[in-house]
1. Name every residue in the range 203-234 that is assigned to a loop (DSSP other than H, G, I, E, B) and either more than 20 Å from Trp287 (Cα to Cα) or touching a strand residue (DSSP E or B) at 6+ places or on another chain (Cβ under 9 Å) (or both), in order of residue number.
2. Mind checking which residues of the range 42-64 are farther than 16 Å from Phe27 by Cβ, of a type outside the set (Asp, Glu) and without any contact (Cβ under 8 Å) to a residue 24 or more places away in the chain?
3. Would you confirm whether or not the range 183-193 contains a residue that is under 23 Å from the mean Cα position of the chain (by Cα) and closer than 16 Å to Leu254 by Cα?
4. When the range 234-252 is examined, which residues are found to be among the β-branched types (Val, Ile, Thr) and touching a residue at least 60 places away in the same chain (Cβ under 8 Å)?
5. Can you find, within the range 170-181, the residue that is nearest to Trp287 (Cα to Cα) among those that are in contact (Cβ under 8 Å) with a residue 60 or more places away in the chain and outside any loop (DSSP other than H, G, I, E, B)?
6. Out of the strands (runs of 3 or more DSSP E) lying entirely within the range 25-139, which hold 1 or more residues that are farther than 30 Å from Gln300 by Cα?
7. Going through the range 1-21 one residue at a time, which ones are farther than 19 Å from Asn119 by Cβ and touching a strand residue (DSSP E or B) at 6+ places or on another chain (Cβ under 6 Å)?
8. Take the conditions hydrophobic (A, V, I, L, M, F, W, C), in a loop (DSSP other than H, G, I, E, B) and either assigned by TED's automatic domain parsing to the domain that holds Glu277 or buried (at least 23 other Cβ atoms within 10 Å of the Cβ) (or both) and apply them to Ala200. Does it pass?
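The values are calculated or read from the model by the stated rules, or taken from the named source; none is laboratory data. No experiment lies behind these values; they were computed from the predicted model shown. Please note: Cβ atoms are built from the backbone with ideal geometry, for glycine as well, and neighbour counts cover all protein chains shown.
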Amino acid sequence: MTSRIAIIGAGHVGATTAYALMLRGLFAEIVLIDTNAELAAAEAADISDAGALTRPTRVFAGSYADAASARIAVLTAGAATHGSESRLAVTARSAAIVTACVTELRAAGFDGILVVASNPVDVMARTAFRCSAMPAARVIGTGTLLDSLRLRQEIATRLHVAPASVDAMVLGEHGDSEVAILSSIRVGGQPIAQFESGHAPLDLPHIAEQVRCAAYDIMAGKGYTSFGVATAAVRICEAIARDEHVVLPVSSLLTGQFGLEDLYLSLPCLVGAGGIERTMIPELNHWEQTAFQASAAAVQAAIDGIVPPA
């Protein structure tokens, strides 16, 4: 087990992330940090109780000073969306929270890898990168990893195969302009059309729309999302802790891919002990390239709304 991980924000996503990390047994210590110290302490105590039947992990509420020695910090603090409110609608409020958290984290001496799950995650990852003075490779947004998992799950359910047998990705913004890459879906190594041979083809655009709206459907029923995004954050932490060199669709700083720069968007990234080791450029058809550019424009518009152009 690696030594310590810090969770900034002990709300629904932060507490669920801490719980999932404890179950995975990846870290010896998990520190929960929140402006509401009582909430952080209560969540830490509750998770610790569950830990008595799992792997030995110390879960405790602490301060930014406790995060200084952490290998990874997961940032979940941010403004919550309500009802049908889009992630981009809370950009300004979340940016102020993320800036304050990252400023305190860096002032405490943190020099690890920052995984950002705060919404809207692409804008918040860029905000965290800009105010952290950390290398871009060590600031990662959870991005469309969850959306991609949802897409794989939906396809797998309809084809009666395991999700691990489906290779499918959602790229761009984690939000309303996300782009499901339908042209390259493979099942068991075969193009999906070949795998479906002899059966009625799936309505992939409809499935992609279901994936795009999934968070709204969940929020309509319970008021928030937590398990899916927490599991995505934990998957990224696992790839770092185990130096997996695995390809995941996560949000990283673009440096010329598809002609775009100074934006965080999701593309397939090689993730290992150092964070983002490489950002890849997938083969997209014309429609997908156009949609990816539109997704970038939506994220840029949100940034322009909170940061005056240089």
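1. Gly223, Tyr224, Thr225, Ser226
2. Ala42, Ala45, Ala52, Leu53
3. no
4. Answer for the range 234-252, where residues must be among the β-branched types (Val, Ile, Thr) and touching a residue at least 60 places away in the same chain (Cβ under 8 Å): Val234, Ile236, Ile240, Val250.
5. Restricting attention to the range 170-181, the residues satisfying the condition of being in contact (Cβ under 8 Å) with a residue 60 or more places away in the chain are 170-179, 181.
Narrowing further to those that are outside any loop (DSSP other than H, G, I, E, B): 170-172, 179.
Details: Val170: 14, Leu171: 13, Gly172: 13, Val179: 10 Å.
If we take residues in the range 170-181 being in contact (Cβ under 8 Å) with a residue 60 or more places away in the chain and outside any loop (DSSP other than H, G, I, E, B), then Val179 is nearest to Trp287 (Cα to Cα).
6. On the way: elements: 27-33, 58-61, 72-75, 113-116.
Those strands (runs of 3 or more DSSP E) span 27-33, 58-61.
7. Met1, Thr2, Ser3, Arg4, Ile5, Ala6, Leu21
8. When the stated conditions are applied, Ala200 passes them.
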